[in-house]
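Take a look at the structure set out below.
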Amino acid sequence: MALYGPDSETKLIARDDDSGTGWNAKIAADLSPGTYYVRVEHYDSQNGTGAYSIKVVK
């Protein structure tokens, strides 16, 4: 998972693979107001699929 912004689809803020619970990705960051973009990829980019959810805490 990668987080980009603010207001930019290319300015990388953070990237994580499996530091969350159960090998899930987790990014913790204090963010300024703006629009942010998250890119999520399955570990098997050729054959992988799955359900994804995002939790944002203020």
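Computed from the coordinates by the stated procedures, all read-outs in this text should not be read as laboratory data. Bear in mind that the values here come from a model prediction, so they are computed numbers and not experimental data. Glycine also receives a Cβ, built like all others from the backbone with ideal geometry; neighbour counts cover every protein chain displayed.
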- request: Taking chymotrypsin sites (Phe, Trp or Tyr not before Pro) as candidate sites, keep only those in a DSSP loop with at most 14 other Cβ atoms within 10 Å, then name the longest stretch of the chain containing none of them.
  value: 1-42
- prompt: How high is the relative contact order of region 1-48, given as a whole-number percent (alpha carbon pairs under 8 Å, six or more residues apart)?
  reply: 42
task: Using the Cα centre as the reference, give the magnitude of the dipole from point charges on the C-beta atoms of the chain (Lys, Arg: +1; Asp, Glu: -1; all else neutral), rounded to the nearest 20 debye.
output: 200
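Give the Rg/Rh ratio for the chain, taking Rg as the radius of gyration of the Cα atoms and Rh as the Kirkwood radius, to two decimals. Walk me through the numbers on the way to the answer.
Numbers: Rg = 12.1 Å, Rh = 12.4 Å.
That ratio is 0.97, to two decimals.
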